[in-house]
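Remarks on the structure that follows.
The values are calculated or read from the model by the stated rules, or taken from the named source; none is laboratory data. Predicted model, so just to flag it, every value in this text is computed and none were measured. Here Cβ is always computed from backbone atoms with ideal geometry, including for glycine, and neighbour counts include all displayed protein chains.
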Amino acid sequence: MKAILKYELPEEMHEHAYALAGLDALLLIDNLLSEIRSELNHHGGQLHEWQAEVYNDSTNHFERRKVTACQYTLERVRDLVLEWRQERRLPELA
């Protein structure tokens with residue numbers, strides 16, 4: 001079986017670009033879920049700790065501070081992403 005998608009360019013250039021970006025979007029979702037899983041299960045990955053600029057009211061300046069991920073926020077984000085993926089019937093990467 002073959003599937004062929006045809007687009008009338010340039011009229012349907014946006015639809016064409018969306019179709020081409022589909023795999024990248026699935027990879028992005030998978031990477032995000034992997035980072036969340038890494039932090040929740042192993043306290044590691046890019047979400048574990050990072051530098052952020054925080055405004056200090058007493059000095060009236062931004063300061064760089066080390067911040068860490070909030071477990072409850074990450075769990076909620078994970079649940080929402082999984083729910084939205086299921087609602088849209090997006091496939092999981094094999």
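Hey, can you tell me all the residues within region 62-79 that are surrounded by 10 or more Cβ atoms within 10 Å (Cβ to Cβ) and either assigned to a strand (DSSP E or B) or more than 17 Å from the chain's Cα centre (by Cα) (or both)?
The answer is PHE62, GLU63, ARG65, VAL67, THR68.
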Within region 1-51, of all residues that are under 17 Å from the mean Cα position of the chain (by Cα) and of a type in the set (Val, Ile, Thr), the one farthest from ARG65 (Cα to Cα) is ILE29
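From GLU39, GLU35, GLU15, grab the single residue that is touching a His at 6+ places or on another chain (Cβ under 8 Å) and surrounded by 11 or more Cβ atoms within 10 Å (Cβ to Cβ). It would help to see each step written out before you state the result.
Values: GLU35 fails: touching a His at 6+ places or on another chain (Cβ under 8 Å); GLU15 fails: touching a His at 6+ places or on another chain (Cβ under 8 Å).
Just a single option satisfies the conditions, and that option is GLU39.
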When restricted to LEU93, LEU28, LEU82, LEU47, the only residue in a helix (DSSP H, G or I), touching a residue at least 12 places away in the same chain (Cβ under 8 Å) and not aromatic (Phe, Trp, Tyr) is LEU82
Those residues of region 45-65 which are farther than 26 Å from LEU28 by Cβ and either in contact with a Phe, Trp or Tyr (Cβ under 6 Å, 6 or more places away or on another chain) or not hydrophobic (A, V, I, L, M, F, W, C) (or both) amount to TYR55, ASN56, ASP57, SER58, THR59, ASN60, HIS61, PHE62, GLU63, ARG64, ARG65
Checked against (1) at pLDDT 95 or above; (2) surrounded by 11 or more Cβ atoms within 10 Å (Cβ to Cβ), GLY44 satisfies every condition except (1)
